[in-house]
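Below: one structure, written as structure tokens.
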Amino acid sequence: MTLDEFRRLAETWGGDIARWPEPERREAEALARDPAAAAILAEASRLDRLATRAAPEVSERRAGDAMAAVTMRLAAERQATATPQRLFALPRWLAPATALACAAVLGVFIGLVYPAISPNVAEGLMFGALLDDSIPFITVLQ
Amino acid sequence: MLEGASDEELMALVAAGDQAAFRMLMTRHMRRAIRIAQGIVGVAAEADDIGQETFLRVWRAAQTFDGRRARFTTWMHQIVVNLAIDRTRRPRTEPIEAAGEVADPAPGALTGLIDAEETTAVRRALAAMPERQRAAISLFHFEGLSGRDSAQAMQLSDKAFESLLNRARSALRQTVETMLGDRGRRP
């Protein structure tokens, strides 16, 4: 290894030969005993120290805040996607059964609240309410 | 139990939806993710965002990670570096050096003043560099990664990273020498 090669490696990898590419280290360590090579290493080490000192500082608190933010963002995402999934997760065959159950409940409710109206009107109201919410059934009752 | 698990073992649990394993990974690596990002983007608030975004991606893409083929840290560093370099290409509202100012040391502490001046000079020199050179300095010097690990984090060949680091250090040295005069050349 020539002194120029040594200089090029020091300028690239810095003053710590242990951080140089492994195949170059043995020859470099031998050459480093030369005063000229030692001066090159000292200059490279000076730049290493300057560069390392400029590293940004990140406190535990900043990292903790970022972790909390990640957790909240994931929780919000999960919540946003979970509700529709639950609704559409009903088996398809259950939809008619659910509609029938609702109709039965509505029928009982109308029968109890408005026992005097004719069965035909009640039936019409029930299906109207189920199938078409534009029917003004409250108006009809009045 | 999770404390003793390797990052790759934790990732296998994260891929199965284990939130405790995910928190453990964040505890281990969030600071480093933010620090690498800040070394590249130079602005603390943006670095915090990138740290968050990195771990959101880790969670969402956990099933694509193969711990038999790559280390978690290599994968995470790649995500951070890509996000940070993308961020530097957006229009900026805050100058990079604003995040890099050093607090004044106590009055009369001459050594501290010199150190602070030098550190400010280096940060200004870094701010003036292309973002990929800043990334090389950040990974190799700030984080102390090996040349090979730094190259992998930047998805470069060893030779390409060596060339990039050489240019980055050369630019840093020239700018610091200009800013500090003879002191910048003193070993």
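The values are calculated or read from the model by the stated rules, or taken from the named source; none is laboratory data. No experiment lies behind these values; they were computed from the predicted model shown. Positions of Cβ are generated from backbone atoms using ideal geometry, with glycine treated the same way; all protein chains shown enter the neighbour counts.
Odds and ends about this structure:
- Within the stretch B:127-163, the set of residues being touching a Leu at 6+ places or on another chain (Cβ under 7 Å) and assigned to a helix (DSSP H, G or I) comprises B:Arg132, B:Gln133, B:Arg134, B:Ala136, B:Ile137, B:Leu139, B:Phe140, B:Ser150, B:Ala153.
- Among the candidates B:Asp149, B:Asp158, residue that is in contact (Cβ under 8 Å) with a residue 12 or more places away in the chain and either charged (D, E, K, R) or not assigned by TED's automatic domain parsing to the domain that holds B:Val122 (or both): B:Asp149
- Yes/no for A:Arg7 being closer than 21 Å to B:Ala45 by Cβ, surrounded by fewer than 19 Cβ atoms within 10 Å (Cβ to Cβ) and without any contact (Cβ under 8 Å) to a residue 60 or more places away in the chain: no
- The residue of the stretch A:62-99 that is modelled with the highest pLDDT, among those that are hydroxyl-bearing (Ser, Thr, Tyr) and surrounded by fewer than 14 Cβ atoms within 10 Å (Cβ to Cβ), is A:Thr81.
- Matching residues in the stretch B:6-65 - criterion: being of a type in the set (Phe, Trp, Tyr) and either within 15 Å of the chain's Cα centre (by Cα) or at the interface with chain A (Cβ under 9 Å from one of its Cβ atoms) (or both): B:Phe22, B:Phe55, B:Trp59
- Enumeration of residues in the stretch B:80-91 that are crowded, with 19+ Cβ neighbours inside 10 Å, over 19 Å from B:Ala128 (Cβ atoms) and either away from every other protein chain (no Cβ under 14 Å) or touching a Lys or Arg at 6+ places or on another chain (Cβ under 7 Å) (or both): B:Val81
- Residue in the stretch A:43-58 that is surrounded by the fewest Cβ atoms within 10 Å (Cβ to Cβ), counting only those that are assigned to a loop (DSSP other than H, G, I, E, B), facing chain B (nearest Cβ under 7 Å) and not small (Gly, Ala, Ser): A:Pro56
- Residues in the stretch A:24-40 include at least one that is within 10 Å of another protein chain (Cβ to nearest Cβ) and not small (Gly, Ala, Ser).
- Test: residue in the stretch B:155-175 that is farther than 17 Å from B:Arg35 by Cβ, facing chain A (nearest Cβ under 9 Å), at pLDDT below 95 and touching a Pro at 6+ places or on another chain (Cβ under 9 Å): no
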